[in-house]
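Asks: This is the structure I have questions about; it appears just below.
Since every read-out is calculated from the coordinates, none of them should be taken as a lab result. A quick note: this is a predicted structure, and the numbers were derived from the prediction, not measured. Glycine gets a Cβ as well: all are built from the backbone with ideal geometry, and neighbour counts include every protein chain shown.
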Amino acid sequence: MIRIRSLEVFDEPLLPHFLAIAAHEEEVETVLTNPALAIYVSDWGRDGDCAVVAENDETSAIVGMAWARFWTPDHQGFGWINELTPEMAVAVEPEFQGRGIGTRLIEALKCRLRAVSLTVRWDARHQKWVPTSQPVEIEQPEMRMPTQQLALNVRDGSPSVQLYERLGFQKVAGSERQNRTGGVSFNMLARLQEGN
Ligand SMILES: CC(C)(COP(=O)(O)OP(=O)(O)OC[C@H]1O[C@@H](n2cnc3c(N)ncnc32)[C@H](O)[C@@H]1OP(=O)(O)O)[C@@H](O)C(=O)NCCC(=O)NCCS
């Protein structure tokens, strides 16, 4: 039986392994030495970081992970939308793919993210809400803002696009960019809260 649960501190060393699967890289070293990829797992435990794992009950092995991080304008992943939109990464061990584990991981991550909120304030100059970690020109009252949407970045033509669409993600028009392997990737977004 495969059980989905929250990522615990003792699971954190496995993040680079699943990042390598998500990035289609053979070696963990390759993702950790590439700053554009390493930021998906480095310094894990920042405000808003959220992750779930799939655990094989019989062996206690972790066979899949889905996780999400918030970015800033200076520190962002390929699926950057804005400061209030976390980006998801997901991977399942090859021998466990195609059995519904990715679906369960993404649904569980979305569910947990609905309860994740950031402390924000209104940036009057740029007319948007920003996390309090970022400076604003005029001091404003703070409030807690629940996570509204979840982003991801995917290679054009990946079989996972159909999976994401089934789980409520829609392609972000105009987000196509050349990726690090020379192909095209784009962003997708899913709403997390009712009525928006
Ligand atoms: C994408 C991934 C997390 C999905 O997890 P999963 O447990 O295989 O997914 P599920 O069994 O819940 O859903 C199956 C769907 O995933 C997609 N899928 C199946 N095999 C896949 C693969 N090797 N790579 C990507 N997507 C795949 C298909 O849409 C499939 O739907 P179908 O069965 O109707 O064809 C997993 O296949 C994986 O880790 N793939 C390699 C890494 C990757 O592509 N990550 C996404 C980067 S954006």
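Asks: At most 14 other Cβ atoms within 10 Å and a DSSP loop assignment: could you name the GluC sites (Glu not before Pro) in the range 98-187 that fit?
Replies: Values: sites: E107, E137, E139, E142, E165, E176; in loops: E137, E139, E142, E176.
Answer in residue order: E137, E139, E142, E176.
Asks: For the range 49-196, what are Rg and Dmax over the alpha carbons, in angstrom?
Replies: Over the range 49-196's Cα set, Rg and Dmax evaluate to 16.8, 56 Å.
Asks: Hey, how many Å between the Cα centroid of the range 83-139 and the Cα centroid of the range 1-49?
Replies: Comparing the Cα centres of the range 83-139 and the range 1-49, I get a distance of 16 Å.
Asks: Right, something else. So which residue, out of M145, M65, M88, gets the largest mean-square fluctuation from a GNM of the chain using Cα contacts under 10 Å as springs?
Replies: Comparing M145, M65, M88 in the GNM, the peak value goes to M145.
Asks: If you don't mind, there's one more thing I want to ask. Rounded if a/c is under 1.5, else prolate if a/b beats b/c, else oblate: with a ≥ b ≥ c from the C-alpha gyration tensor eigenvalues square-rooted, which is the range 1-79?
Replies: Note, shape of the range 1-79 comes out oblate.
Asks: Treating the beta-carbon of each Lys and Arg as +1 and of each Asp and Glu as -1, no other charges, what is the dipole magnitude of the chain about its Cα centre, to the nearest 20 debye? Before the final figure, lay out the partial values.
Replies: On the way: 19 positive and 27 negative charges, 162 e Å.
Result for the chain is approximately 780 debye, rounded to the nearest 20.
Asks: Counting other C-beta atoms within 10 Å, which of L152, L167, L118 has the fewest, and how do the rest follow?
Replies: Taking fewest neighbouring Cβ atoms as first place, the list is L167, L118, L152.
Asks: Sorted by packing (mean other beta-carbon atoms within 10 Å per residue), highest first, where do 182-192, 25-35 land?
Replies: Averaged packing, sorted descending, gives the order 182-192, 25-35.
Asks: Next up: Starting with the fewest neighbours, write out T59, T103 ranked by other beta-carbon atoms found within 10 Å of each beta-carbon.
Replies: Numbers: T59 8, T103 14.
Lowest count first: T59, T103.
Asks: Please report the antiparallel percentage of the DSSP beta bridges confined to the chain, to the nearest 5. Can you show the working numbers first?
Replies: Values: 37 of 38 bridges.
Roughly 95 percent of the DSSP beta bridges within the chain come out antiparallel.
Asks: Oh, and also: With a 10 Å cut-off between alpha carbons and a GNM built on the chain, which of A23, A61, A51 moves the most?
Replies: A61
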